[in-house]
Structures are given as structure tokens and as C-alpha cells.
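The values are calculated or read from the model by the stated rules, or taken from the named source; none is laboratory data. Note that the structure is predicted; figures quoted are calculated from it, not measured. Neighbour counts are summed over all protein chains in view; Cβ atoms, including those assigned to glycine, are modelled from backbone coordinates with ideal geometry. Accessible surface is based on the protein model in full, side chains and every heavy atom, while ligands, DNA and RNA are left aside. Shrake-Rupley method; radii C 1.70, N 1.55, O 1.52, S 1.80 Å.
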Amino acid sequence: MKALLASLPAIARQHRQFLPTIAGSIRIVQREYAIIPKAAPATADQLPLRTGRPRLVILGTGWAAARLAHDIDPKLYDITVISPRNHMVFTPLLASTTVGTLEPRSVAVHMNDIQPALSSPSNSLYIAEAQAVDPAGRTVTCRSADGVSFSVSYDKLAICTGSQGSTFGIPGVLEHAHFLRDVKQAESIRQRLIENLALAGIPGRALSDWQRLLHVVIVGGGPTGVEVAGELTDFISNELRALYPERARGMRVTLVEARELLGSFDASLREYAARKLIRRGVVLKKGVVHEVTERDVVLKDGTVLPYGLCIWSTGVGPTPFTLSLPFAKTAVGRIAVDKFMRVLASPSQQQGSDQEQLLQPPKSQQLIPSAPGTTVTATSSSSAGPITGPASQGPASAAAPMPGMLADESDTPSTSRLEPVPHVYALGDCCANPDNPLPALAQVAEQQGRYLARILNDAAKGPVYGETSVVQQLAPEFRYRHLGSMATVGGHSAILELGDAQRKQLSVAGFLSWVAWRSAYLTRLGSIPKRLAVAFDWTVTMLFGRDLSRW
């Protein structure tokens with residue numbers, strides 16, 4: 001066949017009148033036999049291609065970042081996503097992965113599935129951590145997992161780096177407790193649980209040690225803690241009882257909460273959830289954690305809870321990267337934004353002429369308890385200046401202050417003297433509007449991502465939303481609409497609340513709420529393959545039980 005193709009040009013010279021037909025035949029034969037010469041692969045320094053479109057850089061792959069990446073028009077913007085992970089985690093179903101109800105891959109949606117245009121040569125997805133932002137030069141400095149540093153230029157920047165589990169400065173939490181924020185942490189909890197069950201079966205083990213290994217302590221009575229407790233009781237009642245009856249009888253789950261169980265829900269729903277959990281064997285303990293050791297959770301009243309697995313779900317706090325940014329911060333360390341989701345900073349910060357303001361806190365600042373061995377300064381309500389992060393631009397700094405959540409966002413001083421940073425936005429858990437702070441919820445972040453995508457798409461088509469006066473005249477401000485809250489409590493029971501705290505529209509508990517919970521989250525998954533995967537996992541679990549394999 002190759003010899004025939006080589007002879008075709010000579011034949012064509014002798015029969016010029018048949019040249020168009022012969023040329024067409026050559027293309028058909030080449031296409032059919034797939035021998036078209038392949039183009040040389042593009043090198044890293046050739047990508048992304050410059051198209052003349054403005055470049056939108058998105059930091060993070062959480063709810064806000066995923067929604068922004070999904071809704072932004074790739075015909076209007078070139079897109080660069082920078083994050084340590086290449087997927088978005090569907091966090092409402094994360095608790096189900098801790099005991100094997102769902103497989104981890106079923107709740108992780110790759111960013112290319114969310115925005116297929118990321119596969120285009122003009123767009124890119126970098127698996128790296130953002131280290132610093134230079135608003136003057138419009139660049140983001142990043143570092144890969146193996147230590148390679150690089151810079152990315154932007155025309156528009158969206159900071160969606162999220163938050164991390166808050167320790168409230170309690171010793172031992174970071175070292176010994178398990179957080180539940182991503183797929184890796186869920187897998188770690190599952191592996192630790194299965195390992196403890198295996199260790200409890202070793203002959204000759206002391207009774208006290210056997211009881212400790214079979215004790216799970218969950219700190220935090222919010223939706224995440226309650227759903228993990230519910231999943232654990234299902235696991236104990238079904239799979240564990242069938243495989244290891246003795247260990248199932250010795251298994252205990254204790255949920256520690258300092259305030260109210262499911263405090264954001266209606267009182268009748270809280271009562272229903274507490275009654276269901278107690279009936280399923282969960283011990284509800286009211287108390288404040290004083291210390292977490294390798295084997296014990298110590299409460300402030302002196303109570304000692306020996307544990308084999310401690311799950312920490314008490315709330316969220318700012319990340320070191322968020323604190324390192326040279327922008328104004330709220331009283332709890334989140335990036336201060338205005339009602340258009342634009343990042344705020346003092347004029348001196350934007351000009352870079354007075355870096356000492358980042359180093360020297362005002363005299364009126366007070367200390368807030370933070371992570372073990374660190375403190376953070378928070379401006380009191382009487383101070384005129386905003387709270388700022390440390391001067392260090394690298395999140396790896398060991399001395400980076402880590403504020404807890406003991407401060408109130410409303411304590412943040414007035415933002416009247418602050419100005420928006422040009423072309424820089426912040427969304428999700430990493431930011432808050434001090435004049436109207438919103439909770440760190442997935443639906444808040446998703447609505448903010450949808451809002452900013454609409455604003456940026458409109459800006460690329462028409463007037464540029466850059467100046468304050470123009471924004472106020474042309475761009476609608478962000479308004480959050482609370483859609484409701486849901487949580488499972490084990491078995492085929494859940495609680496559902498529609499509306500916000502001021503206007504409760506519907507409160508339902510029981511089997512119908514459980515059906516609504518599964519239906520709602522199944523339809524909200526990012527792609528049809530993921531919906532099928534979750535539905536398949538639920539069906540397999542219901543018919544055959546959960547897998548206790550360990551690797």
C-alpha cells in the first residue's frame with residue numbers, strides 16, 4: 001500500500017487532467033488506513049496558546065471554582081485552573097464514602113468533565129499550589145508537588161481556594177484527629193476504621209484496648225458529624241453485625257457537641273435527629289474538647305473518651321494561603337469582598353508603597369486562639385484599620401498565623417476606606433462580605449460562582465466592569481438565596497428544611513426526607529456518568545452490603 005501511494009504522484013504528472021480525482025483518492029486512502037503523518041506534540045512552553053481573549057485564572061476546584069469554570073463562556077475567555085487536585089468533590093455525599101456506601105471515585109468529578117474546553121490548547125489545568133498573588137503585575141506564583149515553581153499571568157483572577165478544618169487552637173487535633181474535607185481524608189477514615197476492626201480481632205488483646213479500638217468519637221454536631229454518625233450506625237447494624245457479631249456489639253459511636261446538635265435547623269428537626277441517633281446507639285455528649293491525644297479525647301470537664309478513631313467536623317477556618325495574601329481580611333481571617341465579589345484592600349496595599357502595614361499590626365489588636373503553637377491578631381471593633389494577613393507570601397511558612405472561629409465576622413471594622421483590587425475576585429469559603437457575612441456553605445459558593453460567571457460573560461460582551469461607578473450602575477450585586485438544608489440521620493431517615501431562618505417554608509423528617517435527600521443530590525451531580533455511578537453504588541450496597549476490604 002505504501003508503494004502504491006508513493007507511485008501516485010508520478011502517475012498524476014502523466015495524467016494531469018485526472019489530478020483532482022487522484023488527489024482526492026490519496027486523501028481517502030490515507031484517512032482509511034490511518035497513515036496521515038502525525039504532528040509533533042506541543043511542548044509545555046508553547047501552551048497555552050494566546051488567542052487575544054482575556055485570560056481568567058481560577059484558583060481552586062471547589063464548589064465556587066467548579067461552577068465558575070462550568071458557566072464561563074470559553075469563547076469569551078481563555079481559562080486556567082490551578083489547584084492541587086484535578087477534580088471537584090461532591091461534599092454532601094462525602095460522608096457516605098467513609099464506610100463504603102459510595103466509592104470515592106463516584107463523588108469526585110474531573111474538571112475536564114465540568115468544563116470540556118479545558119482540553120483546548122488555549123486553556124489549561126495546572127496541578128499545583130498557588131503561593132502568592134501579585135496584583136500589580138497580575139501574576140500568580142505557583143509550585144508543583146515536586147517543587148517546580150512557575151508564574152501564570154491573568155487578566156481576571158478568581159480566588160476560590162476554600163477553607164480548612166478549624167482546630168480552635170486545641171492541642172493534638174492536627175496530629176491525631178481525622179478531618180473530612182476531601183476524598184483522601186474520607187479514604188483515610190475508612191482505612192483506619194477497617195484497620196481497627198482487624199486489630200480488635202487479635203487474640204490476647206486487653207479488654208480496655210479492645211473497647212478503645214471499637215470506639216469512634218465524632219467531634220462536631222453539624223450536618224457532617226450527624227451524617228457520619230448515621231452512616232456508621234448503618235454499617236454496624238448491617239455489615240459488621242453479619243461478619244463480626246461480637247465486635248458489632250462492642251462498637252460504640254460518641255458524638256461530642258459544645259452547643260446544639262444541628263444548630264441551624266428547626267427545634268423539632270433537631271429533636272427528631274437526636275431521638276433517631278440515640279435509638280440507633282449513638283451517645284450524644286455535650287462538652288468542649290480540651291485536648292486530643294493519641295488515644296484519648298479529653299473534655300474540659302475532665303471527661304476522658306478513649307478512642308480508636310476520632311473524626312473532627314467542628315467547622316472551618318482560613319488556609320495559610322488565604323492569610324498570606326496582601327488583601328483586607330475579616331475578623332476570622334477570610335478575604336474581605338464587596339457586594340460584587342471584588343477583593344478589597346487599602347490604597348497603600350494596592351500601591352505597594354507601605355509594606356510595613358502588613359508587618360506591624362495596630363496597637364488595638366487582640367489575640368485570638370488559633371492552631372497549636374500559633375496565634376493571630378484580630379483588630380478590635382474600635383479600630384479603624386482592616387485586618388490583614390502576614391507579609392509572607394508562601395503558605396508553607398510555619399509561622400503563618402491561623403485564626404480560629406471564635407471571632408465574629410461582624411466584628412470586622414468598616415470597609416468604607418477600602419478599595420476594590422482591579423480584576424481580582426474571591427468566592428466561596430475563603431472570603432466574606434463584612435457588611436453581609438454568609439455561612440461557609442456549598443450552596444453559597446455555587447451561587448457566587450454562577451453570579452461571577454454571568455458578570456464576567458456580560459463584561460466581555462459589553463462595558464468593562466472595572467471602575468466602582470460603572471459596576472454600581474451596570475452590574476447587579478450578589479444576592480444569596482438560601483434553598484434549604486438536609487441531613488441524613490441513619491437508616492432511611494433524614495431531615496429536610498426549606499427556606500431560611502427568617503422564613504421557614506417547610507420542615508419534614510422521616511422517609512420522605514430521605515428520598516428527597518437522595519433524589520436532590522443525585523440530580524445535582526456534575527455529569528450523567530457520576531449519577532449512574534452513585535445510583536449503582538447505592539444499589540450494590542442495598543443488595544450486597546458494603547465492602548470491608550483493606551489495602
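What number comes out for accessible area per residue over the range 93-183 if the probe is 1.4 Å? Units Å², please.
That works out to 37 Å² per residue.
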Exercise. Percent of accessible area on the range 176-328 owned by carbon and sulfur, 1.4 Å probe?
Worked result: 51 percent
For this session: For the range 270-276, take each phi angle, set θ = phi - 60°, evaluate the Karplus expression 6.51 cos²θ - 1.76 cosθ + 1.60, and give the result in whole Hz per residue in order, putting x for glycine and proline.
Result: 4, 5, 4, 4, 4, 5, 5
Problem set entry | Segments 444-454, 218-228, 241-251 sorted - mean Cβ within 10 Å per residue, highest first | 218-228, 444-454, 241-251
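Roughly speaking, to the nearest percent, how much of the range 504-548's 1.4 Å accessible area is carbon and sulfur? It would help to have the intermediate numbers written out before the result.
On the way: 1850 of 2740 Å².
Heavy-atom surface of the range 504-548 belonging to carbon and sulfur, 1.4 Å probe: 68 percent.
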